[in-house]
1. Applying 1/(1 + (r/R0)^6) with R0 = 25 Å to the Cβ-Cβ distance of residue A:128 and residue A:166, what FRET efficiency is obtained, to the nearest 0.05?
2. Each residue of the stretch B:56-65 in turn: what ³J(HN,Hα) in whole Hz from Karplus with 6.51, -1.76, 1.60 and θ = phi - 60°, glycine and Pro shown as x?
3. Across the residues of B:172-178, average count of Cβ atoms on other protein chains within 10 Å?
4. Could you let me know the centre-to-centre spacing of the stretch A:1-70 and the stretch B:164-178, using Cα atoms, in angstrom?
5. With no solvent and one equal point scatterer per Cα, compute the Debye intensity ratio I(q)/I(0) for the stretch A:24-91 at 0.20 Å⁻¹ and report its log10, rounded to two decimals.
6. Please tell me which of these pairs span more than 30 angstrom C-alpha to C-alpha: B:36/B:89; A:36/B:89; A:79/B:36?
7. Take residue A:73 and residue B:68, extend 7 Å from each Cα along the Cα→Cβ direction, and tell me the distance between the two endpoints in nm.
8. What are the trypsin sites (Lys or Arg not before Pro) within the stretch A:3-37 that DSSP puts in a loop, where the Cβ has at most 11 other Cβ atoms within 10 Å?
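Every number in this text was worked out from the coordinates using simple rules, so none of it is lab data. Predicted, not measured: the structure shown is a model, and the values here were computed from it. Cβ coordinates were reconstructed from backbone atoms using ideal geometry, including for glycine residues, and neighbour counts include every protein chain displayed.
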Amino acid sequence: MTGCGRLSDRIPAVASGTAEWMPGELQHLAECDECKSEWNLVSASRRLGQRVGENIDTEAVAGMLLRRISTNRQADRSKRRWTLGSLAAAAAVVLAVWLGGLNGPRVLAPIGNRAPMVETAIELPELDSLAPAELDSVLQRMDDPADTGSGTDQVDLGDLNADELQRVLDTWEG
Amino acid sequence: MPGPTIPDARTDPLLVAAYRNGDERAAAELVRRHAKALGGFLYSLGAAPEDVEDLIQESFFRAFRRLDSWRGGASFRSWLLAIGSNLLKDQVRKRKEKLVPLEDRDLQAASDPHAELAASDVEDRIRAGLAELPRLQREVFLLRAQQGSDYGDIAAILGTTPGAARVHYHQAVKRLKELVR
């Protein structure tokens, strides 16, 4: 074997149709068994690929591929939405836990240079004179919703006689 | 019924850019342009005929999903073929199977059975010879001989140098000549 490779760099290009033989190259190809053998090898390997390629329905492949890409994009979008939703929920939980962890007197967030406002006890001396049962009754009413609607026990001041009205006013004035 | 598809004159880089901007027709054109070459390449590398279309679709799918990694150092086709080759390698490894024996060949029926038989015999021997080559030699030979890629392109996608690709090609040619003779 001589191992001639004179046409090696040209054979693939000519076999693929992107170049043509020069007259001297053609002459060499006709006389050199090594180059002829390489030419046959490259030509046959091209045919091998082409014969399989002919059977491929490129339109069908393209259609299936585009459908798959579209489906995948939708899945990616919903996955992204789900991830963002989860992150938002997690952030809300963290915030709630953090706020709930602030014990002691409830300090409102300072605004500007103002001192923080501390929740203070409101003194109601008019309640001091009440008997325990009366105090319970008052406290129970304070817990009731402000809007009592059309409750049957709601009494209008206009329904009271003069003595009852005076007692109510005395109670208010302490 | 839709008429024949008019070939798109845009270059591969322009089609890739158009697809990135949401033009799905550009993706379809890239498939039309390269699917047959990819199929022939995969079959020559040893893919089973019944797997070729699935491998083509998967190769394109992966390529379109990571278009950012194609920087134009190699042609789009060579880059796509490299993706297909890696996919086939993974498939073979997963199945723990050897390359497809020649008896399983399932190609289109020939119009001239005698001439086709002789041609297919040579091609079968080439395919059998390719299966005996080291992977790099096999890929370099097919990219150069079958696809007409230049050594710079081959080196870029196979992670080697043009000089080394040239050496692999000549070693493959020498070995295949002996096997096919």
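1. Numbers: r = 21 Å, r/R0 = 0.84.
It comes out at approximately 0.75.
2. Couplings: 4, 4, 5, 4, 5, 4, 5, 4, 5, 6 Hz.
3. Details: counts 1, 9, 5, 0, 6, 7, 2.
Mean partner-chain Cβ count within 10 Å for B:172-178: 4.
4. 15
5. -0.88
6. Details: B:36/B:89 19 Å; A:36/B:89 33 Å; A:79/B:36 34 Å.
Beyond 30 Å between Cα atoms: A:36/B:89; A:79/B:36.
7. Each label point lies 7 Å from its Cα, and together they span 1.7 nm.
8. Values: sites: A:6, A:10, A:36; in loops: A:6, A:10.
The qualifying sites: there are none.
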